[in-house]
Each structure stands twice: as C-alpha cells, then as structure tokens.
1. What percent does the relative contact order of region A:174-270 come to when contacts are Cα pairs within less than 8 Å and at least six residues apart?
2. Among all lysine pairs in region A:20-272 that are eight or more places apart or on different chains, how many have alpha carbons less than 22 angstrom apart?
3. Probe radius 1.4 Å, ligands and nucleic acids ignored: give me the carbon and sulfur share of the accessible area of chain A as a rounded percent.
4. Could you tell me the convex hull volume per residue, in Å³, taken over the Cα atoms of region B:1-157?
5. Please determine, in degrees from 0 to 90 and to the nearest 10, the orientation of helix A:240-257 with respect to the longest principal axis defined by the Cα atoms of chain A, where the helix direction is its Cα long axis.
6. For the protein assembly as shown, compute Rg over Rh where Rg is the Cα radius of gyration and Rh is the Kirkwood radius from the inverse mean 1/r over Cα pairs.
7. Helix A:213-234 versus the longest principal axis of chain A: what is the Cα-based angle in degrees, 0 to 90, to the nearest 10?
8. Taking every pair of distinct Cα atoms and averaging 1/r, then inverting, what Kirkwood hydrodynamic radius in Å comes out for region A:149-247?
Amino acid sequence: MQTNTSINKKTGRSINDAFASKFAKSMFLSVSALVILSFIGTRMFTHVDLNLYGYMVGTIVFIGGFFYRFIAWGERPPTKILIKKGLKLLKRKSTPKTAVNHLGIYDFIKNRGLYRWVQHILIGWGCVLACMVTFPLVFGWMYFTMDDNGHYTIVLMGLNLMTVKADGIIAWFSYNALNISASMVIAGVCMALHRRLKNMQARAEQKFIYDFLPLYLLLFISITGLLLTVQNVFLHGWMQPQMSLIHQFSVIVTLIYLPFGKLAHIPFRPVSVFARNYREHYGDQAMKECKVCGDHFVSVEQSNDVINVLGVNEMEFNMQDGFNLAELCLPCRRKYRISRFSGFATHQVKVKEANQNAKG
Amino acid sequence: MKKRLYLELENCIGCRSCLAACTQCGGHEERNRNYVYDVNPLVNRQTMPLMCLHCVNPACARSCPAQAIQIHETGAVLSALVEKCIGCQNCTIACPYGIPKFDTEQNLMYKCDLCIDRSKDGIPPMCASVCPSNTLQWLTDEEIEAKQKQFNLDNGKWVTSMPYLEGETNVRVNLPGILQGVTKLF
Ligand code: SF4
Ligand code: SF4
Ligand code: SF4
C-alpha cells in the first residue's frame, strides 16, 4: 500500500486519483465494459432479454466479490511479485502450451489420478460451456432471430454470424448446449461426491462447508436447469416460470459465493501459468548454487524474491557460522539442521541422504 | 487437553517406523512427509528424525503466493490445498529446515500436516503413535514441563526448541543429552 501511494505522489495527478480505491476503479472499469459490450451486442439495447436480469445483478455482485478478494490477495508480497513478473513473461513462447496444459486439459490432475481427472474435466468443461452460453445471452452479446420460417440467424455482438436451419445440427447443439453441460456437471459432481463419501484418503481432509457445499450448489443448478427442459418438452411448460426463478436464484447464490470458497480457484488458477513461466524463464537465466554441495537448486531470481518476501515478514535466516539458510539446497538445509541439533557437521559429510522413503 | 508433538532426538534408533507410518496417514496417498538422518553416516549409527516443526510464524505459508498453506486452529501448518497450490515452489526454498516436498508431475507441494485428521481430535499423529523408542511423543505442556524438571541439569544444556531453532515452533524439540556428554536414564 505504501509503495502505491508514493508512486501516485511522484507522478502527480494520475487517473487513479479519480477513484477512491483500487477496488472502486476496477469495479467501475468492468461494469462500464459490461455495459458498453451489451450496448454494442444488443444493437443499442434493442434486444435485451429482461427475463434474465437476475443474472445481470448476480454477475455484478460476483465481480464485486471477485475484485474484493483478488485485490486483497494481490497485495500480499509474494503474490504481488509473482503477478508482476508473470505479466511481464506472458509473451514467452511456451505460454500457450502451458496454459492449455494447466487450464484446458489439466495434465497435472491426471497425474493425481485418472478418476479425479475425469471428474474435473466433466465439471470444469461443463461449467465453462454453460457460462459461454449463458452470459452472452444474459448480456445480449448473442441472441437468435428468426427472419424467415425455418431459419434462425445467430447474432453475435450485433453482427449476423450465420443463418442456420431450425432443425439442423448447429441449431440442435445451440438449444441443447445447456442440457449437455448440465449432464456433464451432474456426472462430474456425482463422481466427486462418490469419491468424497467412499475414498478414505479424500475423507481424511474434507470439510462439509468447504468441500461439499460447492458440489451441492453445482448439482442444484444443473438439476433445476435440466428440469426446465423437462418441463418444456414433456409438461408443456408446467410450472416453468417458478422453476426458472429457482434456477436463477441458485445461479445467483453460487455466483456470490464463488470468490470466497473452494470455487475461488477458478478465477485465480491462471496464476499457475505465471508460476511456470517464472520458474522456466529465470531458471534459464541463472541458477543458484548450494553453498555446501554446489548443486543448482533454484533460480537466483526466485531465491532473491523469497528472501525479500521473508524480509518483509522480518524473517532472515543468517547463521552464526556466516551463511544464510537460503544459500543451502534442501537436503543440505536438512542436514545442517541435524548438525545444529547434534553438534556434528552432518552437512559436510559427502554422503547422499539415504533411505528417506520407508522402503526397508 | 492440548497436546504437542515432542521430540527427544537422541532416542532415535533409526528404525524408520515414523517414515512408514506417515505414508499411512489419511490424505497422504502413501507418501511420507518426514525424514530420518544419519548424523555421522561414515562413523556411527546415530540417527535423528526431522519433520516439520509447525512454526508459529511459518516461512512456508508467508512465502506462498496462492495462500495454499493454511494454519489450522490447533497451530498445525497444513499441507498445500490441492486446488490452490500453483506449483511455484516458494515454500520449499523458504522453509529454514527444508521440509516441504514437491511433486513436479502433480504440480503440487505436500508437507507434514501433523496428521490433522487425527491430531485435531487429540489422537497422536501417526509417527508419534508408532515410534518404538519414545523419540516422537505426544504430550501436554505439563508433561513436557515435568520432563524438563526431570532432566534439569541446571547447566542450560537441557533446552527445548529455542534458541536452537529459527523461530518459535509448536513442536518441541529436546536437544540431545548423550551427544552433549550427559547420560540419560529412561
Ligand atoms: S518447519 Fe518449514 S514447513 Fe514446517 S511450518 Fe516451519 S517453515 Fe513451514
Ligand atoms: S508450491 Fe504451492 S504451496 Fe508452495 S508456495 Fe507455491 S503455491 Fe504455495
Ligand atoms: S505428524 Fe503425521 S504428517 Fe507429520 S511427519 Fe508425523 S506422520 Fe507425517
């Protein structure tokens, strides 16, 4: 915070002075962006679907919660450094590949178990698909018109994207996208619930509010959404307005909850791409050598960043015998601790740490 | 009654039961999170365990950009939350004792969580339950104090934790008597 104010003072009057806080500024900018996009998308508000206004309110509350959390989080010293350097490194060649790996196909989750991976793909992509359909509709970025019988025109951002046959395959996918996504989410959530109830490893660490609530919310949204279709197709729209309200309500509650619980990892997760870029980029530049064994164990940049962050928290690990613990690789650091306990310089004995995995 | 993990390092006989036990704790997915070291491997058989000391002001959690390392109300410093850890490995190089382990394949840090599913209910952690030599114990503060009295040599050599560590810790460590030339009766 302090560095911020001093920067603002130096540059004299900046645009930031117009806002009471970072939060106010971010809120203002994103709500304006939403309004402008909707203005363009709906051909100057001539195609607004007012049935969906509950979602609009929900989205704006979500944006508020998101910025509130994100800004508080981004102010923490380690996060600040990572975001700043990560943004700079976004142009790396490997960024698209890393992003697909981390955010699209979740390779690392596959390594945590195939079951968890399938479950995450179903829930993750189900939600993404649903959002990609719902929000453009809510804000009028996309809508359908029927000019001549039997053909729909899909209008995207005010431009006629394409005309499709009403009983064609693209039209079928458009009507059913939300049903497909709901089925995916229901399948994924059921897998997750099954694991949470049966698997002892998962049961050991879970908490009801943190681990189950988001699953039940997603399940509720998906089931009420599917019921809407059922009412439409089989019950001639019986009770549909009521169900539509319940569904809308469940989505709004989830949106409001999203930045604060387990689901918060969705908007924050892209930072893992920053982290990978950061490690690769600075790792190529210069590696730090362990003061005792000479191993390259981390990039110089990261080591310095961590030392700085710990410095902010008034932690400095300078030893009486002259070095700083940050200069030791991890095995040497552990052996050094043993030496502090025993009085014998274990870390100076050139023997690899032996038998650390309980395999006989 | 709040109990703590208490280490009497010189008792260690190097059986590595604690490593095996750690793999069996719930949520550990059969990987251990602690260490046992030979003190002077080429000369004698003295060993000592090393595990997370659950710092009061944990460097690992302070350095984590994702707030993935949470501190439990019991004071235990937990392992990374799987959905939050972004795999930067800051924590591994921040810890003054080199405790957190990192799985590059899963892009995930894991560390001793004091077997939180057990210790939050007052059940001793896995490693302390199996240790055959009383190196790892699960004691109340009064019991630890009683031990201190029992071994009080009035020469400042029996010390728990500070000032031999880098900060206050929730785990108490007893500096070894044998290696300081003090004979101890069990
Ligand atoms: S000993 Fe290391 S891993 Fe354990 S709490 Fe302290 S800093 Fe974190
Ligand atoms: S590796 Fe994970 S737990 Fe460790 S500092 Fe990075 S994000 Fe936090
Ligand atoms: S307390 Fe539990 S997690 Fe920590 S080293 Fe012991 S067995 Fe492993």
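The values are calculated or read from the model by the stated rules, or taken from the named source; none is laboratory data. Keep in mind the model is a prediction, meaning the values are calculated, not measured. For neighbour counting, all protein chains shown are included, and Cβ atoms are generated from backbone atoms with ideal geometry for every residue, glycine included. For the accessible areas, the whole protein counts, side chains as well, though only heavy atoms, and no ligand, DNA or RNA atoms are used. Shrake-Rupley method; radii C 1.70, N 1.55, O 1.52, S 1.80 Å.
1. Numbers: 59 pairs, mean separation 27.5, N = 97.
Relative contact order comes out at 28 percent.
2. Summing the qualifying lysine pairs gives 20.
3. On the way: 13280 of 20030 Å².
Ligands and nucleic acids excluded, carbon and sulfur reach 66 percent.
4. On the way: hull volume 21.5 nm³, N = 157.
Convex hull volume per residue, Cα atoms: 137 Å³.
5. For helix A:240-257, the angle is close to 20 degrees.
6. On the way: Rg = 28.2 Å, Rh = 26.8 Å.
Rg divided by Rh gives 1.05.
7. 20 degrees
8. Numbers: mean 1/r = 0.0617 Å⁻¹.
This gives a value of 16.2 Å.
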